[in-house]
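Written out below as structure tokens is the structure these notes cover.
FYI, it's all coordinate maths here, none of it is from the lab. Predicted, not measured: the structure shown is a model, and the values here were computed from it. All Cβ positions, even for glycine, are placed from backbone atoms using ideal geometry, and neighbour counts span all protein chains on display.
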Ligand code: ADP
Ligand code: ZN
């Protein structure tokens, strides 16, 4: 069974996609140049005129935008339409600093919701489904995006927002939810709570989950799929570009198709800004091809990933991106070694631990300290100190061989690490406080 929400464009031949992109970018650059003085200045400084952009191949001539530009322009500096034409404001989660705001016209909302609808249909959704949305509603784009997408598909939408896990479970069971949308860390928590309440994975009617907004590993995917008895799909997005649904996974589960008729993707070398060929790892950069109110050109996401144009068995022709392999600013440098939280999560789950962990980095006597608190599952818990110590030593060894550096492992009692209902905070880097 192959299902698409907008089959014609999702499976369009490459030449056609390119033609659409070329037409859109010419108009978009002119729109931005005429209406956003801040970006016009950047283009003037680089000596690029709208006439120089004849198609997507010329995008590389344009200047980059970064989150710092967005903060500098806060709140209205990058708005490209009259405020009276806008119908919505959303905001980033502020994971890496001050929040930024984005504006939407009705046209922008529609194209964003269409992207989310494509993701829901790719996960098997239709008007026969009950879609439980437990991403946060409000300024965060997760709830509103999936809610709008679910309406477009015609699914029965349960606008739960995040939190109140008992109520989530009650509604999931009573109203026969079939598709669950939330962060992967919250999905893991819901799975854990279901088991505690005595439910088996087959007791719920869920068939799929659409999980994103934070990094998660393949190991985490398998663990969630097992605990909820579903197929778990990844979804990616960022407020600056629209929200969730910039890209989404199909049944192949080997990367996320970028909605290329709306968002043009490049991979650049984060040091030099040079565009890298498909297949190489680098920083993802997006150009919004047809948004009206907040049309960012060459926005540097800081997400590190790889693009692939290998033919996909689902029939979609849009380019695929790997899961972000961490944000460039997620990477910790501990005693000179580069460490990504996702590597730690992969080791923990492989070694049979729960996805409930916290990483604490600090600096004492000019040396970095590196501690990982890992919660034991009830059946792993032991009050024999020697048992715990030998487990800690084994886990330290597994971490050391993955990371090249040994953390201090603290195995802690079940239920002692705070559960996340939205984006999980995995790392506490206290060194930043001393700087
Ligand atoms: P903030 O940047 O403050 O977290 P957003 O809520 O807009 O604001 O989140 C966007 C970011 O979330 C992305 O740039 C990316 O780092 C992360 N993200 C979104 N979806 C995924 C995903 N599926 N996998 C990994 N990271 C993701
Ligand atoms: Zn596919």
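Please determine, in degrees from 0 to 90 and to the nearest 10, the orientation of helix 184-196 with respect to the longest principal axis defined by the Cα atoms of the chain, where the helix direction is its Cα long axis. Helix 184-196 sits at roughly 40 degrees to that axis.
Using the beta-carbon distance between residue 167 and residue 195 and R0 = 22 Å, what value does 1/(1 + (r/R0)^6) give for FRET efficiency, to the nearest 0.05?
E between residue 167 and residue 195, to the nearest 0.05, is 0.80.
Each of 73, 115 has some number of other Cβ atoms within 10 Å of its Cβ, and from fewest to most they run 73, 115.
At the listed q of 0.10 Å⁻¹, the Debye profile of the chain, built from one uniform point per Cα, gives log10 I(q)/I(0) equal to -0.73. Computed from the C-beta positions of residue 322 and residue 54 and an R0 of 41 Å, the FRET efficiency is 0.85 to the nearest 0.05.
For segment 295-360, the relative contact order works out to 22 percent when only alpha carbon pairs closer than 8 Å and six or more residues apart are counted. Computed extension length for residue 384-residue 218: 56.5 nm, one decimal, from 0.36 nm per residue of separation with the Cα-Cα distance subtracted.
When the gyration tensor of segment 1-158 is built from Cα positions, what are the square roots of 5 times its three eigenvalues, in whole Å, from largest to smallest?
31, 23, 13
Taking the centroid of alpha carbons for each part, segment 370-402 and segment 189-228 are 24 Å apart.
Helix 37-46 and the longest principal axis of the Cα set of the chain meet at an angle near 80°.
Using 0.36 nm per residue and subtracting the Cα-Cα separation, the extra length available between residue 416 and residue 371 on full extension is 14.6 nm. Translational diffusion of segment 333-429 was estimated from the Stokes-Einstein equation, with Rh taken as the Kirkwood radius over Cα pairs; at 37 °C and 0.692 mPa s the coefficient is 236 µm²/s. If the viscosity is 1.002 mPa s and the temperature 20 °C, what translational diffusion coefficient in µm²/s does Stokes-Einstein give for segment 223-323 when Rh comes from Kirkwood over Cα pairs? So the translational diffusion coefficient is about 150 µm²/s.
With neighbours defined as other Cβ atoms within 10 Å of a residue's Cβ, the residues 312, 134 order from fewest to most as 312, 134.
The modelled label-to-label distance for the pair residue 139/residue 175, using points 7 Å beyond Cα in the direction of Cβ, is 2.7 nm. Using the Cβ-Cβ distance between residue 280 and residue 432 with R0 = 25 Å, the FRET efficiency computed as 1/(1 + (r/R0)^6) comes to roughly 0.25.
Antiparallel beta bridges, as assigned by DSSP with both residues in the chain, represent about 60 percent of the total such bridges. Helix-only arithmetic for the chain: the sum of -39500 (n - 2.57) across DSSP H runs with n ≥ 4, divided by the residue total, places the mean residue ellipticity at 222 nm at -9500 deg cm²/dmol.
Exposure proxy check: 386, 126, 342, 185 ranked by fewest other beta carbons within 10 Å?
Sorted ascending by nearby Cβ count, the order is 386, 126, 342, 185.
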